[in-house]
1. Classify segment 136-205 as rounded, prolate or oblate, taking a ≥ b ≥ c as the square roots of the eigenvalues of its Cα gyration tensor: rounded when a/c is under 1.5, otherwise prolate if a/b is larger than b/c and oblate if not.
2. Given H placed 1.01 Å from N in the peptide plane, which residues other than close sequence neighbours of Ile57 have an amide H under 5 Å from its amide H?
3. Work out from phi, with θ = phi - 60° and the Karplus expression 6.51 cos²θ - 1.76 cosθ + 1.60, the ³J(HN,Hα) of each residue of segment 61-72, listed in order in whole Hz, and give x for Gly and Pro.
4. Near the amide H of Asn62, under 5 Å away, which other amide H atoms are found, from residues 5 or more places off or on another chain, if H is placed in the peptide plane?
5. At q = 0.18 Å⁻¹, what log₁₀ I(q)/I(0) does a Debye calculation on the Cα points of the chain give, no solvent, two decimals?
6. Each residue of segment 167-181 in order: what ³J(HN,Hα) in whole Hz does its phi give by Karplus 6.51 cos²θ - 1.76 cosθ + 1.60, θ = phi - 60°, with x for Gly and Pro?
7. Each residue of segment 93-107 in order: what ³J(HN,Hα) in whole Hz does its phi give by Karplus 6.51 cos²θ - 1.76 cosθ + 1.60, θ = phi - 60°, with x for Gly and Pro?
8. Could you please report the charge total around Phe39, scoring K, R as +1 and D, E as -1 over all other residues with beta-carbon less than 14 angstrom from its beta-carbon?
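The values are calculated or read from the model by the stated rules, or taken from the named source; none is laboratory data. Because the structure is a prediction, the values reported are computed rather than measured. Glycine also receives a Cβ, built like all others from the backbone with ideal geometry; neighbour counts cover every protein chain displayed. Protein only, heavy atoms only, side chains kept; ligands, DNA and RNA dropped before computing areas. Shrake-Rupley method; radii C 1.70, N 1.55, O 1.52, S 1.80 Å.
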Amino acid sequence: FFPYNGSVTLSIYTGGFHNIHSNNSTIILKNDLNISGFFLDPVTSNTFSISGENHNIFLQENQVLNKFKISANDLIINCADKSISLNSNYALQVAEDSTLHLKKSVLYVNYPLGLFLKSEGSKIILEDCTLILSDDCFIDKGTVEFRGNVFVNSDSSKSLILTGSNHTVKANSVLTIESGAKLDLMSSGTNDQFLTFEDDTAQLVLDGSIL
């Protein structure tokens with residue numbers, strides 16, 4: 001249990017936490033952190049801010065973010081093929097001018113702003129992830145970087161909507177928009193190059209989908 005409106009600096013060398021309950025708290029990681037249990041939903045909405053300093057959080061269970069919201073600052077979340085369900089707007093936030101690196105996750109996007117980048121300087125890296133859209137996923141600022149094999153899936157014709165520019169598919173990576181999903185690229189009015197490919201090994205695959 002983390003304190004109300006407080007901050008905690010963690011120096012963890014082995015082990016980790018089981019369940020986490022927070023009231024608008026902040027943690028600063030000085031090493032990698034294992035979470036064997038769950039982020040527990042509070043009575044009222046609040047934000048758990050994590051300053052990762054480029055360390056990893058390893059998740060061992062599927063997570064549901066509803067009233068418990070995470071704001072990540074220079075953090076790597078390694079999901080080991082577990083899922084994160086974004087059941088509210090702003091459930092998973094990338095702090096201003098920082099990076100969230102999400103690895104091996106199945107991400108259920110159930111609200112259009114469930115995944116939220118706070119500023120143009122915010123960046124999310126999706127590596128070997130699957131986005132399952134039951135609502136549109138609207139990224140209206142910041143940048144998205146695709147690494148490894150990234151899939152976008154929807155049973156209800158929902159869209160991954162990217163505005164602005166500087167979204168990148170990295171070398172030896174494939175972004176696949178599967179049948180039923182859509183990819184919408186919207187101009188911010190400053191740059192017409194919406195999506196770039198690092199080299200000729202970077203690919204965008206439309207598998208019966210709509211661009």
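1. Values: a/c = 2.14, a/b = 1.03, b/c = 2.07.
It comes out oblate by the Cα gyration axes.
2. Residues meeting the amide H criterion: Leu33, Ile76, Ile77, Asn78.
3. Values, residue by residue: 9, 5, 10, 10, 10, 10, 7, 7, 10, 10, 10, 9 Hz.
4. Here the answer is Ser83, since their amide H atoms fall under 5 Å of that of Asn62.
5. For the requested q values the scattering log ratios are -1.30.
6. The phi angles translate into 6, 9, 9, 6, 4, 6, 10, 10, 9, 10, 9, 7, 4, x, 9 Hz.
7. In residue order, the calculated couplings are 10, 9, 4, 4, 6, 9, 10, 10, 10, 9, 10, 6, 10, 9, 10 Hz.
8. Working: positive: Lys67, Lys69, Lys82; negative: Asp41, Glu61.
Around Phe39, the surrounding residues sum to +1.
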